[in-house]
Amino acid sequence: MDVARSQRSSGVRSQHQPAISSGENEVDNVLSESLLTPLAGEFGTHIDRIPPKRSTVLGMAIVPMTSGEEERTIADVYGRNPPEAALVDERLNALEREVGRLKREERSSLENALRHHPLLTVASPHVRAMIREEDYDAPSAARRLARYWRQRESLFGSRAFSTDIFTQPDFDDYMCHYNRCLRSMHDLELDGEMRYMAREYVSIVNRVKIEAMDKLIDEAPEKDREALMEARRVNPEVAQSDEHKILFLKCEDLVEASAAVRMMKYWEMKKLLFGPDKLGKEITLADVETSVFESDVIVHSLLVPDTDEAGRCVFWVNGKELAREGWTADGVVS
């Protein structure tokens, strides 16, 4: 499948539908925060980034990672954020919890701002400066932030929440906020309203990204999506499920072009390794050549001695053993 690189740059859309285009030169990457609430219905963001020219080594483009990508890579490898990012995350968590403990009338303006601009605590220079103070105190910071928005609303009314007065979030801000929302959805220490906004944001982003990913797959050459289409016919409960698609999107930082390619390659490789009869069934050790595995293997993962047709290593995972050791599906994919 000839899918060009995903491009990200800042911009604002007034339409609720994601802007998707595909072809030989570009594939738009969408991270929309529109429709979070009726109050935010007119606000959406379409991110494109055109990578600069870069040198190549052995035919492969060397792309410097952003600070956000470095943080996510460290978290994937070591299971925790680097110290500075961990401190910022911890302080943001504390700030959100303290906001939830304020009286309703005290925090109403701040909640209004969050409904209009869900990335307020992540992308706002005001909040960033606040949480980096040496004498940072979460309860005091929550009161200051709430007081700031009360005074702002009293001066400007509804104009206080206009989109043009906010710093435009970048791609790393969106990823940071999305991952924070995933955690906040189930954080019982957070106020119910904050958990609700987190669930709404995740739900909207997932829906927009899945729609964009499905569109790219539908437009892909028949040969590239043949195995996936066959899997959807015989095993729609898995291959067509949103949960299955989200795993590939999370693998690719929600870049739908990369996720679409990864998903099609996954089913193509499964068909190649195990045959078309296994597309609708769960693969177990009994389906693997005995020359590769012993039948009594109980470890959670193995590096298969042979490679696939592209010369890549094959990593085998025992889901039941991983679950027994406390691994989650997201952790395995990461």
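Laboratory data are not the source of any read-out in this text; all were calculated from the coordinates shown. This structure is a prediction, so every number in the text was calculated from the model and none was measured. Neighbour counts are summed over all protein chains in view; Cβ atoms, including those assigned to glycine, are modelled from backbone coordinates with ideal geometry.
Remarks
- Residues in the stretch 106-115 carry Karplus couplings, in order, of 6, 10, 4, 5, 5, 5, 4, 5, 5, 5 Hz; the curve used is 6.51 cos²θ - 1.76 cosθ + 1.60 with θ = phi - 60°, and Gly or Pro positions show x.
- Debye equation applied to the C-alpha atoms of the stretch 116-156, log10 I(q)/I(0) at 0.27, 0.30, 0.31 Å⁻¹: -1.04, -1.13, -1.14
- Rounded FRET efficiency, nearest 0.05, which uses the C-beta distance separating S203 from E325 and R0 of 25 Å: 0.25
- The mean sequence separation of alpha-carbon pairs under 8 Å and at least six residues apart, normalised by the residue count of the stretch 168-246, gives a relative contact order of 20 percent.
- Across the stretch 120-271, the mean sequence separation of Cα contacts (distance under 8 Å, 6 or more residues apart), normalised by length, yields a relative contact order of 17 percent.
- Simple label model, 7 Å out from Cα along Cβ direction - L272 to H186, nm: 3.5
- With a Förster radius of 30 Å applied to the beta-carbon distance between E211 and F315, the computed FRET efficiency rounds to 0.50.
- With θ taken as phi - 60° and the Karplus curve 6.51 cos²θ - 1.76 cosθ + 1.60 applied, the whole-hertz 3J(HN,Hα) list for the stretch 147-159 is 5, 4, 6, 5, 5, 5, 5, 5, 7, 10, x, 5, 5 Hz, x standing for glycine and proline.
- Rounded if a/c under 1.5, otherwise prolate or oblate - the stretch 68-181, Cα gyration tensor axes: prolate
- Cα-based shape type of the stretch 220-283, given that a ≥ b ≥ c are square roots of the gyration tensor eigenvalues and the cut on a/c is 1.5: prolate
- Under the criterion of Cα pairs below 8 Å and six or more residues apart, the relative contact order for the stretch 220-283 equals 39 percent.
- Listing F274, F166, F171 from fewest to most neighbouring C-beta atoms within 10 Å gives F274, F166, F171.
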